[in-house]
There are 2 protein chains.
Amino acid sequence: MSTTRQKILEVTGELFARQGYAGTGMNQIVAEGGAALGSIYHFFPGGKAQLCAESIRRSGELYLTLIDDIIGGAENIDEGVRDFFLGAGEHLVRTNYADACPIATIALEVASTDEELRQATAEAFGSWVSAAARHLQRGGVPAAEAAQLATFALAALEGAFILCRASQSTEAIESVATHVQRAVQDAVARVDRSKGRGTGPIPGRSSRGVQADA
Amino acid sequence: MSTTRQKILEVTGELFARQGYAGTGMNQIVAEGGAALGSIYHFFPGGKAQLCAESIRRSGELYLTLIDDIIGGAENIDEGVRDFFLGAGEHLVRTNYADACPIATIALEVASTDEELRQATAEAFGSWVSAAARHLQRGGVPAAEAAQLATFALAALEGAFILCRASQSTEAIESVATHVQRAVQDAVARVDRSKGRGTGPIPGRSSRGVQADA
DNA sequence: GTCTATAAACCGATAGAC
DNA sequence: GTCTATCGGTTTATAGAC
């Protein structure tokens, strides 16, 4: 209902994503135009921890719809995967390597220090993996393999975000995109072949034919 | 020379790795038995920032030798890669998912807030990628492909660390290990085949035959 | 619901005795 | 070189007027 609550979560999510949990102060959230300090504690009586927990959940849901929109909007999965990685790379450049994963920094900070926040990050990551796995299954990949492949893809993306932000270069996400796309194509091709379909020149998995990003 | 300086860096490295830069206080470093507060400022007059910078460099060198020891100590690269990921997974469990990458948390925290520390993390990551690429080349992978593959492998490892710490499960690192090992085997096989060697049943890249972790 | 003033605790950093 | 006491500033969180 109230727009103030929403605005607080927006500003909080952005700051936590860029500077982390411990590195962002309540006064900075206030200064960034979120709301007055009193309003923050009015809507989030649990203080900074509650604010962070709800911010993690909100970011989790937003990124989930991003995954669904981009991958679900593509013609097939490996094209969707490529779109997602390319889009993430462009967004990195556009924001000067500030905006990558909305919860990764928090996740590492709280993993060994705050059990409740740790679980919140785990649930968000889990929902993204599930979504990606669902799209892979839609593309014909068996459930068990889809889950493993989705976990791998998210891990590769998260790691690429770290390396890209540190080096201020898109090199890592391009390398990762190539390899993840290859893994997805392999999984799909394996299914197609076992079903006897001939979707293309499968045998031998050519060393090239994936698309060269760099 | 002085053992105190070393001890300070040890304690600092551990705390920064587990709780991050902003989340770790100087007094906590003192409390953890590193040294007296005055001693810290005696050896690191630049304060917390200098302490962090040197800690990043030290962690970078230590992890570099770990990479060289484990991968270099294996009979071939893809076995070395498997050893490294398996070892990392076991270490995660042994430390209750506290010890993963020594600088990842710091890297995300400072990427958009502290230019000097950001560069320090970038150099550490770069040295690890170079080392891994060197081992891949030793295994016959062409230089350009080795660099890309090494970047991908490190990114996948880093991302797996995030997901494993968040979920308190080794599932992610196992999934990632399987796929990274597969990519390495592919790269090696491609070279062997182009050289006309017959190292095994290459054509068609069997859908199984990598080793099932989970 | 929103705001300001402020409390209480803690932060990084310094001074100076030893 | 090592230690303790402490400064000045900032932190999270609260109180209370509006």
Could you say whether any residue in the stretch B:162-169 is out of contact with any Asp or Glu (no Cβ under 9 Å at 6 or more places or on another chain), within 12 Å of B:F85 (Cα to Cα) and not β-branched (V, I, T)?
-> no
Looking at the stretch B:1-25, which of its residues are in contact (Cβ under 8 Å) with a residue 24 or more places away in the chain and near DNA strand C (Cβ under 10 Å from one of its atoms)?
-> B:Y21, B:A22
State whether the residues of the stretch A:50-64 include one that is over 18 Å from the mean Cα position of the chain (by Cα) and modelled with pLDDT of 95 or more.
-> yes
Scan the stretch B:26-55 for residues that are assigned to a helix (DSSP H, G or I), within 7 Å of DNA strand C (Cβ to nearest atom) and free of Cβ contacts under 8 Å to residues at least 60 places away in the same chain and jot them down.
-> B:M26, B:N27, B:Q28, B:L37, B:G38, B:Y41, B:G47, B:K48
Residue that is nearest to B:A17 (Cα to Cα), among those in the stretch B:103-112 that are more than 7 Å from chain A (Cβ to nearest Cβ) and touching a Phe, Trp or Tyr at 6+ places or on another chain (Cβ under 7 Å) = B:I106
Kindly state which helices (runs of 4 or more DSSP H) lie completely within the stretch A:95-203 and contain at least 1 residues that are of a type in the set (K, R) and surrounded by 24 or more Cβ atoms within 10 Å (Cβ to Cβ).
-> A:143-167
Enumeration of residues in the stretch B:161-198 that are free of Cβ contacts under 8 Å to residues at least 60 places away in the same chain and small (G, A, S) = B:A166, B:S167, B:S169, B:A172, B:S175, B:A183, B:A187, B:A189, B:S194, B:G196, B:G198
Give the residues of the stretch A:82-119 that are touching a helix residue (DSSP H, G or I) at 6+ places or on another chain (Cβ under 9 Å) and at positive phi, sorted by residue number.
-> A:Y97
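Would you mind finding the one in B:G33, B:G47, B:G20 that is within 16 Å of DNA strand D (Cβ to nearest atom), on the phi > 0 side of the Ramachandran plot and either hydroxyl-bearing (S, T, Y) or under 17 Å from the mean Cα position of the chain (by Cα) (or both)?
Every option except B:G20 fails the conditions.
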Filter result for the condition that a residue is closer than 30 Å to A:L15 by Cα, without any contact (Cβ under 8 Å) to a residue 40 or more places away in the chain and more than 9 Å from every other protein chain (Cβ to nearest Cβ), over B:E79, B:E75, B:E115, B:E90 = B:E115
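The values are calculated or read from the model by the stated rules, or taken from the named source; none is laboratory data. None of the values given here were measured: they were computed from a predicted structure. So basically every Cβ, Gly included, is an ideal-geometry build from the backbone, and we count neighbours across all protein chains shown.
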